[in-house]
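For reference, the structure is listed below as structure tokens.
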């Protein structure tokens with residue numbers, strides 16, 4: 001069940017589920033962020049990795065090259081046409097064992113052809129989110145740092161999960177900044 005703002009406020013303040021926590025929507029002259037009716041609108045920080053195909057011939061998630069990106073920091077970021085950038089949230093998350101977070105892009109960007117992709121925030125996961133920002137248009141797209149980029153909806157279970165992300169020692173636990181794809185080394189017998 002999706003939980004309303006009262007529950008989210010309580011969990012964020014008591015359990016540090018979202019830090020820093022903005023208690024109400026802030027959207028004067030910017031893309032809004034903060035507590036919403038049934039979720040929390042997150043901000044994109046000012047550090048980006050912009051995809052470039054100038055140095056590679058393929059993308060391989062098992063052997064990902066840092067050369068696929070150009071590092072950029074600024075108040076805005078221009079995502080090239082039909083390309084994408086990786087970024088990270090301003091907020092840090094600490095997801096309780098009985099909560100799951102699902103992230104969806106904000107309508108302001110969606111209406112401009114910008115798609116935001118974030119994998120689920122699993123029970124027991126902690127860290128700063130890495131965000132994929134895709135520009136589906138044939139024109140450059142501007143992203144505003146330290147403003148809203150997506151909304152997280154929180155679902156609470158009546159029971160805690162049997163095995164959390166922390167229990168599994170997930171490879172993206174406690175990540176900071178923009179984190180590129182990782183593959184765990186095979187376990188030796």
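For the range 1-108, what does the equivalent ellipsoid look like in terms of its semi-axes, each the square root of 5 times an eigenvalue of the Cα gyration tensor, given largest first in whole Å?
Ellipsoid semi-axes (Å, largest first): 32, 17, 12.
Using alpha carbons only, how many angstrom separate the centre of the range 2-49 from the centre of the range 64-93?
First find each Cα centre; the distance between them is then 21 Å.
Hey, could you pull the Cα Rg and Dmax for the chain, both in Å?
Gyration radius and largest Cα-Cα distance of the chain: 17.1, 58 Å.
Among 11-17, 120-126, how do they line up from the highest to the lowest mean number of other beta-carbon atoms within 10 Å?
Packing order, densest peptide first, comes out as 120-126, 11-17.
Which whole-number value in Å³ per residue fits the convex hull of the alpha carbons of the range 52-100?
Working: hull volume 7.5 nm³, N = 49.
In the range 52-100, the Cα hull volume divided by residue count equals 152 Å³.
If packing is taken as the mean number of other Cβ atoms within 10 Å per residue, what is the order of 106-116, 33-43, 129-139, highest first? Spell out each step's value before the answer.
On the way: 106-116: 15.6, 33-43: 20.3, 129-139: 17.9.
Ranked from most to least packed, the peptides come out as 33-43, 129-139, 106-116.
Quick note: the coordinates plus some simple rules give every number you see, no bench work behind them. Please read these numbers as outputs of a predicted model, since none were measured by experiment. Cβ atoms come from the backbone with ideal geometry, glycine included; neighbour counts cover every protein chain shown.
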